[in-house]
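Bear in mind that the values in this text are calculations on the coordinates, not laboratory data. Predicted, not measured: the structure shown is a model, and the values here were computed from it. Cβ placement follows ideal geometry from the backbone for every residue including glycine, while neighbour counts extend to all protein chains displayed.
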Protein chains: 2
Amino acid sequence: MPATPAADSVGLVTPQREVFNEPFRLACGRELPGYELVYETYGELNEDRSNAVLICHALSGHHHAAGYHTLDDAKPGWWDHYIGPGKPIDTNRFFVVSLNNIGGCHGSTGPTSINPETGRPWGPDFPSLRCRDWVHSQRALMARLDIPHWAICIGGSLGGMQVMRWTLEYPELVRNAVVIASAMKLSAQNIAFNEIARQAITSDPDFHGGYYLERGTIPARGLALARMVGHITYLSAEGMMARFGRDLKAGDLTVGSEAEVEFQVQSYLRYQGSTFSRAFDANTYILMTRALDYFDLAREYNDDPVAAFSHAQARFLVISFTSDWRFAPTRSREIVNALVAARKEVSYAEIDAPHGHDAFLVPIPRYQAVLRSFLGRVAEELG
Amino acid sequence: MPATPAADSVGLVTPQREVFNEPFRLACGRELPGYELVYETYGELNEDRSNAVLICHALSGHHHAAGYHTLDDAKPGWWDHYIGPGKPIDTNRFFVVSLNNIGGCHGSTGPTSINPETGRPWGPDFPSLRCRDWVHSQRALMARLDIPHWAICIGGSLGGMQVMRWTLEYPELVRNAVVIASAMKLSAQNIAFNEIARQAITSDPDFHGGYYLERGTIPARGLALARMVGHITYLSAEGMMARFGRDLKAGDLTVGSEAEVEFQVQSYLRYQGSTFSRAFDANTYILMTRALDYFDLAREYNDDPVAAFSHAQARFLVISFTSDWRFAPTRSREIVNALVAARKEVSYAEIDAPHGHDAFLVPIPRYQAVLRSFLGRVAEELG
C-alpha cells in the first residue's frame with residue numbers, strides 16, 4: 001500500500017466472516033452440513049438500506065476486490081480500479097458487498113476446508129457446484145446483513161452469470177443488473193479450453209486423485225499449465241503482440257548461434273503459471289471451471305432465453321469488449337437480444353479494447369464512463 | 001484401404017529411403033554426421049524432368065501424404081484429398097515428392113534415431129532445427145533424385161514457411177510456390193500456445209529431461225495435453241460449435257442429478273490426445289514447435305519482407321481460410337502485400353471455411369478449384 005493511500009482508495013479493509021450452521025441444499029442434490037462465507041464491505045449502508053451493491057467474482061477471483069489488507073500489500077484488491085470513493089462503483093454512495101464464493105479457496109467453505117464428517121479436507125469430495133448455488137448462498141449472506149434488496153448486482157465473466165441467475169432466482173431482490181463480458185452458456189471451444197485446464201491438473205502425478213493436501217503436496221505443474229492456458233485465452237492476439245511482440249529474453253536467432261532462444265512471452269507465462277499455482281487450490285479450479293461449463297441460463301425454460309428473462313425485474317446494463325474471443329461481443333448481443341425480446345429495460349456497450357477477456361479488470365476510459373453513467377443514475381434515484 | 005481403390009487414388013505406395021553420409025551443417029552451428037530421409041513419390045517424372053512437385057509437411061505431418069501403405073490401412077495419407085490422378089495435385093501430370101523432415105519421427109533422422117557417437121537415441125541432444133535446415137536437406141534429396149528444379153513447392157502452415165524459405169534460399173530452383181495458411185513469422189500468441197505445449201511435455205515426470213526412451217517410457221500425458229491445445233486452436237469456435245455444440249456424452253444437467261456430466265467435446269479431445277501421444281515423439285514435437293517459433297522470413301533482410309522477397313523468382317499462390325485464427329488471413333495478406341511490393345507475380349485466395357487452421361487438410365470445393373486452376377496452368381505450361 002502506498003504510504004499515503006490515494007483519495008479514491010477504500011484504504012485498509014478487514015475481511016469479515018459469517019457462519020451458517022443450517023444444512024445447505026445444492027443443485028447437484030447433495031447437501032453441505034453448513035458453510036462459512038468470507039466477505040468485505042466498502043462504504044456505508046444508508047438509512048433505508050437501499051444502496052447495497054453485490055460484487056460477483058469470476059473464476060479465479062475472491063472477496064478482496066478493493067483496498068489493502070495490510071500496509072505492506074504491494075497490490076490492492078482485484079477490482080480496485082472500479083471500486084472506491086468517486087470511482088464508478090462509488091463507495092461514497094454505495095454499500096458494496098464482495099464475498100468469496102463457496103467452493104473457493106480464499107476463506108469461504110471449499111475443498112481446502114475440513115469436512116466435519118471425516119475431519120480431513122474435503123478435497124475432491126466437495127460437492128459439485130452450479131452457479132445457482134452461489135446465488136443461493138449470496139442470498140443467505142444478504143439476509144444476514146439485513147439487506148432488503150440489491151440496488152445493483154454486478155460481475156464479469158462467471159460473475160456476470162451469477163448476476164443473470166440472480167435476476168431469475170430472486171427477481172424482486174435485484175433492482176439493477178450489470179453483466180460484463182459474459183454469456184448465457186459456454187461454447188464448445190470454451191468447454192474444450194476448460195477441459196484442457198482440468199486435464200493438466202488431474203494428470204499431474206502430484207494430484208493424487210484430488211487428495212494432494214493429505215499427501216502434503218500440490219499439483220503445481222498441472223495448475224501452472226491450467227493457468228497458462230487460461231491466461232493466453234483471456235488476452236487477445238493483438239494485445240499480446242503489442243506487449244511482447246517477438247522480443248527475446250535469452251539467446252539470439254542469428255544463424256550459427258547455439259545459445260538457447262527464449263522469447264519474453266515464454267518467460268512471462270511461466271512466471272504467471274508458477275505464481276498462480278502457489279496461490280490457488282487445484283480442486284477449486286476444477287469446481288469453478290465445471291460450474292462455468294454447466295451454466296446454461298435458459299435450460300429449464302425450454303432453452304428459450306426470452307422465456308427465461310421474462311421473469312426478470314431488473315434494469316440491465318450489458319458490456320462486452322471487442323477483442324474478447326472467449327466471451328465475444330456476439331455472446332453479449334445474444335443476452336441483449338433476449339432481454340429486448342422479453343421487453344426488459346437494457347443498455348448495451350461494446351467497448352473497443354485490445355485486452356481480450358481481461359479487459360473487464362483493466363481501467364479503460366469508455367468502460368469507466370459507461371459504468372459511471374449507469375451507476376451514477378442509480379445512485380441519484382436513491383436520493 | 002477400400003477393396004477397390006478409387007480411380008483418383010494413388011493406391012498402394014511404398015516409402016523409400018535415401019542415406020546421406022556427408023556431414024550436414026545446421027543453422028544452429030552444429031553438424032549432423034549424416035542423415036537419412038524417408039520419402040514417397042506419386043506419379044512419374046517426365047522426360048525433361050520438369051514436372052516435379054515438392055510437398056512440405058507441417059508440424060505433425062510426415063512423408064505419407066497420399067495413398068495406402070497396406071491393404072489393411074483404414075485411412076490414406078494426410079493430404080489424399082488433394083493428391084492423386086485427376087486431383088488438384090494431379091499425379092497424371094506431376095511427379096510428387098513427399099518426405100519426412102529431419103527431426104521428424106516417421107523414419108527420417110530425428111530424436112528417436114541412434115546418435116552414432118553414443119550408440120543411444122539422440123533424444124533431447126538432437127540439434128536445434130530451423131526451417132532452412134529442412135530446405136537444405138530437401139535440396140540434397142532433390143539432387144539425389146536428379147531433379148533440376150521444382151515445378152511447384154507447396155505446403156500448409158509450417159510447410160508454407162518451408163516453401164517461402166525455398167524461394168529465397170534457392171530462387172532459381174523454384175518455378176511456382178504455393179503457400180497455404182502460413183505466416184512470415186509467428187505472433188506472440190502463437191509462440192505462447194507452443195510454449196504451453198512444450199511445458200505440458202517437459203513437466204510430465206515421464207519426460208526425464210527428454211531421455212524417456214532410455215527409461216523405457218514416454219511422456220504420454222504431456223504429449224496428449226500438447227496435442228489437445230494444438231487441436232483446439234487449429235479448429236474454429238464456430239466449427240467446434242457446429243460439430244459438438246453442448247451435447248452430453250454422460251450425465252445430465254438437471255437440478256438434483258448427481259451423475260457426473262461429460263460433454264462430447266471433452267471425450268473427443270481426450271481420445272485425440274491419447275491417440276496422438278502413442279504415435280508421435282515428444283522430442284520431435286518440441287523441435288518442430290521451436291522451429292515454428294524461430295521462423296522469421298525477413299530477419300536477415302533488415303526485417304523487410306519486401307527486400308527478402310525481392311530475391312524470389314517463383315510465381316506465388318497464397319491461400320488463407322476465413323476462420324483460421326492461428327494463421328489468420330491477415331498474416332497471408334502480409335505475405336501478398338510484400339510480394340506485390342517486391343513486384344512478384346502473386347495470386348491470393350481467401351477461402352470461406354469454418355474449419356479453422358485445419359481447413360488446409362479438408363476437401364473444400366473453392367479451395368480445390370483454386371488449386372486445380374493454378375496447378376492446371378502450371379501443368380499446361382509444361383506441355
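If one puts a single equal scatterer on every Cα of region A:61-110 and applies the Debye formula without solvent, what log₁₀ I(q)/I(0) results at q = 0.15, 0.20, 0.23 Å⁻¹?
-0.45, -0.74, -0.89
With 34 Å as the cut-off, how large is the P(r) tail for chain A, expressed as percent of Cα-Cα pairs?
27 percent
Any idea what log10 I(q)/I(0) is at q = 0.29 Å⁻¹ for region A:128-177, Debye with uniform C-alpha scatterers and no solvent?
These q points yield log10 I(q)/I(0) values of -1.22.
For chain A, what relative contact order do you get, as a whole percent, if you take Cα pairs closer than 8 Å and at least 6 residues apart?
Answer for chain A is 17 percent.
If the convex hull of the alpha-carbon atoms of region A:92-152 is projected onto planes in all directions, what is the mean projected area in square nanometres?
Across all orientations, region A:92-152 yields a mean hull projection of 5.3 nm².
Of all DSSP beta bridges located in the protein assembly as shown, what percent are antiparallel, nearest 5?
Rounded to the nearest five, the antiparallel share is 35 percent.
Using only C-alpha atoms and all pairs of different ones, pull out the Kirkwood radius for region B:99-201 in Å with one decimal.
This gives a value of 15.4 Å.
Listing A:145, B:54, A:375 from the residue with the fewest other Cβ atoms within 10 Å to the one with the most, what is the order?
Taking fewest neighbouring Cβ atoms as first place, the list is A:145, A:375, B:54.
Based on a Kirkwood Rh over C-alpha pairs, give the Stokes-Einstein translational diffusion coefficient of region A:224-324 at 10 °C and viscosity 1.306 mPa s in µm²/s. Each step should come with its number before you reach the end.
Working: Rh = 17.7 Å.
Answer, rounded: 90 µm²/s.
In nm, what is the difference between 0.36 nm times the number of residues separating residue A:17 and residue A:272 and their Cα-Cα distance? Don't jump to the answer; show the numbers that get you there.
On the way: separation 255, 0.36 × 255 = 91.80 nm, distance 2.96 nm.
Between residue A:17 and residue A:272, full extension yields 88.8 nm more.
Suppose you put the label 7 Å out from Cα in the Cβ direction; list, shortest first and in nm with one decimal, how far residue A:3 is from each other copy's label.
9.0
Given Cα pairs under 8 Å that are at least 6 residues apart, what percent is the relative contact order of region B:14-92?
Relative contact order, region B:14-92: 22 percent.
Can you compute log10 of I(q)/I(0) for the protein assembly as shown with the Debye formula, treating each Cα as one identical point scatterer, at q = 0.05, 0.07, 0.10 Å⁻¹?
-0.30, -0.57, -1.03
Would you work out the charge dipole size for chain B about its Cα centre, treating the Cβ of every Lys and Arg as +1 and the Cβ of every Asp and Glu as -1, and quote it to the nearest 20 debye?
It comes to approximately 400 debye.
Using Cα pairs closer than 8 Å and at least 6 residues apart in sequence, work out the relative contact order for region B:286-355, in percent.
Contact order relative to length: 34 percent.
At 7 angstrom along the Cα-to-beta-carbon line, where would the label on residue B:304 sit relative to the other copies? Give the distances in nm, shortest first.
6.5
Place a +1 charge on the Cβ of each Lys and Arg in region A:277-319 and a -1 charge on the Cβ of each Asp and Glu, then give the dipole magnitude about the Cα centre in debye, rounded to the nearest 20.
Roughly 240 debye, rounded to the nearest 20.
Any idea what Rg and Dmax come out to for region A:168-299 if you just take the C-alpha atoms, in Å?
Over region A:168-299's Cα set, Rg and Dmax evaluate to 19.1, 71 Å.
Toward the positive end of the charge dipole of the protein assembly as shown, about the Cα centre and with charges on Cβ (Lys, Arg +1; Asp, Glu -1), which of B:306, B:236, B:163 goes farthest?
Toward the positive end, the furthest listed residue is B:306.
Helix-derived [θ] at 222 nm for chain B: sum -39500 (n - 2.57) over DSSP H runs of at least 4, divide by residue count, nearest 500?
-10500 deg cm²/dmol
Over region B:271-383, what portion of Cα pair distances is larger than 19 Å, expressed as a whole percent?
62 percent
I need the semi-axes of the equivalent ellipsoid of region A:169-235: take the C-alpha gyration tensor, multiply each eigenvalue by 5, square-root it, list largest first in whole angstrom.
So the equivalent ellipsoid measures 32, 17, 11 Å along its semi-axes.
Over chain B, with a Gaussian network built from C-alpha contacts below 10 Å, which listed residue (B:13, B:336, B:255) shows the highest mean-square fluctuation?
B:255
With the dipole of the protein assembly as shown worked out from charges on the C-beta (+1 for Lys and Arg, -1 for Asp and Glu) around the Cα centre, which of A:209, B:208, B:256 lies farthest toward the positive end?
Towards the positive end, the residue furthest out is B:256.
Select from A:276, B:104, A:143 the residue farthest towards the positive end of the dipole of the protein assembly as shown; place +1 on Cβ of Lys and Arg, -1 on Cβ of Asp and Glu, and compute about the Cα centre.
Projecting each Cα onto the dipole axis, the largest value belongs to A:143.
Using the C-alpha gyration tensor of region B:149-204, what are the square roots of 5 times its eigenvalues, in whole angstrom, with the largest one first?
The equivalent ellipsoid of region B:149-204 has semi-axes of 30, 11, 9 Å.
Take peptide A:190-202, look around each residue's Cβ out to 10 angstrom, count Cβ atoms belonging to other protein chains, and average those counts.
The shielding value for this peptide is 6.
Treat every Asp and Glu Cβ in region A:77-200 as -1 and every Lys and Arg Cβ as +1, leave all other atoms uncharged, and give the resulting dipole magnitude about the Cα centre to the nearest 20 debye.
Approximately 140 debye in magnitude.
How many times 2.2 N^0.38 Å is the alpha carbon radius of gyration of region B:1-100?
1.21
Quick one: what are the phi-derived ³J(HN,Hα) couplings along region B:258-265, Karplus 6.51/-1.76/1.60 with θ = phi - 60°, whole Hz, x for glycine and proline?
Those phi angles translate into 9, 5, 5, 8, 10, 7, 3, 5 Hz.
Take every residue in peptide A:297-307, count the Cβ atoms of other chains within 10 Å of its Cβ, and give the average of those counts. Please report the intermediate quantities before stating the final value.
Numbers: counts 0, 0, 4, 3, 0, 0, 0, 0, 0, 0, 0.
Counting other chains' Cβ atoms within 10 Å and averaging over A:297-307 gives 1.
With viscosity set to 1.306 mPa s at 10 °C, what whole-number translational diffusion coefficient in µm²/s follows for region B:1-48 from Stokes-Einstein and a Kirkwood radius over Cα pairs?
Values: Rh = 14.3 Å.
For the chosen part, D equals 111 µm²/s.
Can you give the longest run of chain A that contains no trypsin sites (Lys or Arg not before Pro) sitting in a DSSP loop with at most 15 other Cβ atoms inside 10 Å?
My reading of the result: A:50-214 is the longest stretch.
Taking H placed 1.01 Å from N in the peptide plane, check which residues at least 5 places from residue B:348 or on another chain put their amide H under 5 Å from its amide H.
Long-range HN contacts for residue B:348: B:318.
Region A:259-338: which GluC sites (Glu not before Pro) are DSSP loop and have at most 15 other beta-carbon atoms within 10 angstrom? Intermediate results must be reported in sequence, preceding the final value.
Numbers: sites: A:260, A:262, A:300, A:334; in loops: A:260.
In loop regions of region A:259-338 (DSSP not H, G, I, E or B), the sparsely surrounded GluC sites (Glu not before Pro) are A:260.
Within region B:104-177, which GluC sites (Glu not before Pro) sit in a loop by DSSP and count at most 16 neighbouring Cβ atoms inside 10 Å? Let's see the in-between values first.
Numbers: sites: B:117, B:169, B:172; in loops: B:117.
Sites meeting the loop and neighbour criteria: B:117.
Compute the distance from the alpha-carbon center of region A:293-363 to that of region B:136-180, in whole Å.
One Cα centre to the other: 50 Å.
Mind giving me the FRET efficiency for residue B:345 and residue A:144? R0 is 51 Å, r the Cβ-Cβ distance, nearest 0.05 is fine. Numbers along the way, then the final one.
On the way: r = 75 Å, r/R0 = 1.47.
Using R0 = 51 Å, I get an efficiency of 0.10.
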